[in-house]
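What follows is calculated from the coordinates using simple rules that are stated; it is not laboratory data. Bear in mind the structure is a predicted one, so any value in this text is a computation, not a measurement. Cβ atoms come from the backbone with ideal geometry, glycine included; neighbour counts cover every protein chain shown.
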Amino acid sequence: MLGGCASSVEDVSTPLITDVYIGEHHYPENFAQQLHTNLQYFRDGVGVDAQSGMPYDFIRLMDNGIIEPRPAVNSTTVGLYLNVLTEMERAGSAEARQRLGEVLSQLENAPKWNGLFIWMYKVDAGELSLNSRSVASAVDAANLISSLAAVAGAYWQHEDPDLAQLAQRADTLIMESKQGWYGLYDRENNDRELLRAAWQDRGDGQRGYVKYKIDRKANESRLAPLWAAVLTYGDEEPIPEATFTNMRLYTGEYVTRDGEVINPMLTWNGAYFQGMLPSVWFDEQSMVPVPKMFDDMATVQIEYSTEYGIPFLSSSATIDSRYSEYGVDGMAEAYQRGRRSFQEPVGTPHASALYAMINRDHAIELLRDVERRHPQIVSPVGWFDAVNDQGEVTNKIIGLDQGMFAASFFADTIRADVENYIRQAHGEEAWQVVERLYGQFESDGTLIREENAS
């Protein structure tokens, strides 16, 4: 069922956040100004609605300097915004400390489906409300839960009672999602024991589950079955770990410019964020049996993007301010299966930033090269979301992508907070579930596209 708390949301009109900053230790010496610039998306009146205190889905920065926001709120973006606010609070921001509580109030009052957050909200009179079509997306609910876990882990049993209370509020929101995870698990008609991908209200009187299930480990949706298993572990009828372990994962066969044969993990369309976003919250490479599949995925992206002088390819804005699922064929499962290519020379800075979680120094080198080649990609409130090989840039800056860009540079802290939350709130056995799931994060085979595929 859809529901939300009836109490009023706190007034978030003051104090405004007019400068976004994090701890000095998070800023790379040779990329400090660039990271600071990209954090500025999360200023009030830029990428954040000053009345509600919630981040916009995206903004368009027009030639005359006017910002045109889309007054919608992506739940994954809200989570990454919480992670930014946590690091601001740790850096001494009183405004961020207050805003953390205000965002939690918005989430407590937001309409949900059985405790699961809706993928996309609209902002109405300073509060979150539903669009005519509402989707309780497992992937976005899990992403927001991961960010809430980081907030809870950061302040769990904190000596400051107000901060400790933030942790308890985040934990309550997480635990309220259990009913939703049970709802997305079909015990009756589910031979592979997979998790449903979403519940939706289409706005035309039709409500119900979507037909497809979450069946790929390499895509960003993998955290949904992980949280379903972790949060119900120890219940009388827990959601089985098979919802995670029975998902498929495939690698490709790619020959580098130097003639080396490598086996990158394959995301569906070759978009880099699909493979990397969950690593913001979990140190996946330290837990999977073959971490080199992540390195190989980056190599495929590096070879393509450096050929065209652009950032990595991933889902992003198009140059004409639409949206597309760009990806590199060498790491695309669909392409290896003979489907169409999503490969075009249009790169997005946030994808190159995600590479910093694998090799920070090299990622910065690549990002600085993009800035040198295409200085027009830089705006005062963040880098534009896409640039092509001709140097054309979109006028769109996307909140989700700015969140990924920023979080890539303090992911170690986020991961430690998430682990602390699971260990402290749910026990060592719950963390062992996480380790056990990633222990079976292995390839189910190598896919090679047939030459005559079209």
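Remarks
- Cα gyration tensor shape for the range 103-161, rounded if a/c is under 1.5, else prolate or oblate: oblate
- Put simply, when 350-358, 195-203 are sorted by average Cβ atoms within 10 angstrom per residue, most first, you get 350-358, 195-203.
- When ARG368, ARG360, ARG169 are arranged by Cβ crowding within 10 Å, least crowded first, meaning fewest neighbours, the order is ARG368, ARG360, ARG169.
- Backbone phi angles across the range 205-218, fed through the Karplus curve with coefficients 6.51, -1.76 and 1.60 (θ = phi - 60°), yield HN-Hα couplings of x, 9, 10, x, 7, 6, 6, 8, 10, 7, 10, 10, 6, 6 Hz in residue order; Gly and Pro are listed as x.
- Listed cross-link partners LYS211/LYS396; LYS292/LYS396; LYS122/LYS211; LYS122/LYS292; LYS112/LYS217; LYS178/LYS292 are compared with a 30 Å cut-off, the Cα-Cα value being larger for LYS211/LYS396; LYS292/LYS396; LYS122/LYS292; LYS178/LYS292.
- Packing-based exposure ordering (other Cβ within 10 Å, fewest first) of MET62, MET175, MET88: MET62, MET175, MET88
- The modelled label-to-label distance between GLU365 and ARG248, using points 7 Å beyond Cα along the C-beta direction, is 3.7 nm.
- For the peptides 234-240, 342-348, 330-336, the ranking by packing is 330-336, 342-348, 234-240, with the highest mean count of neighbouring Cβ atoms within 10 Å listed first.
- Rounded FRET efficiency, nearest 0.05, which uses the C-beta distance separating GLU236 from THR318 and R0 of 51 Å: 0.55
- When the Cα gyration tensor is reduced to axis lengths a ≥ b ≥ c, the ratio a/c stays below 1.5 for the chain, which is therefore classed as rounded.
- 14 Å cut-off, amide nitrogen to a point 7 angstrom out along ARG70 Cα→Cβ, residues in the range 381-412: 385-386, 395-402
- A crude spin-label estimate for the pair GLU429 and GLN206, with each label 7 Å from Cα along the Cβ direction, gives 4.3 nm.
- For ALA110, nonlocal amide neighbours, meaning residues 5 or more places apart or on other chains whose placed amide H falls under 5 Å from its own, are CYS5.
- With helices as the sole contributors, the chain gives -11500 deg cm²/dmol at 222 nm; each DSSP H run of n ≥ 4 counts as -39500 (n - 2.57), and the sum is divided by every residue.
- Of interest is the spacing of the C-alpha centroids, which for the range 269-321 and the range 337-364 amounts to 4 Å.
- Rounded if a/c under 1.5, otherwise prolate or oblate - the range 249-454, Cα gyration tensor axes: oblate
- Extension reserve of the GLU24-GLU303 stretch, reckoned as 0.36 nm per residue once the Cα distance is removed: 97.2 nm
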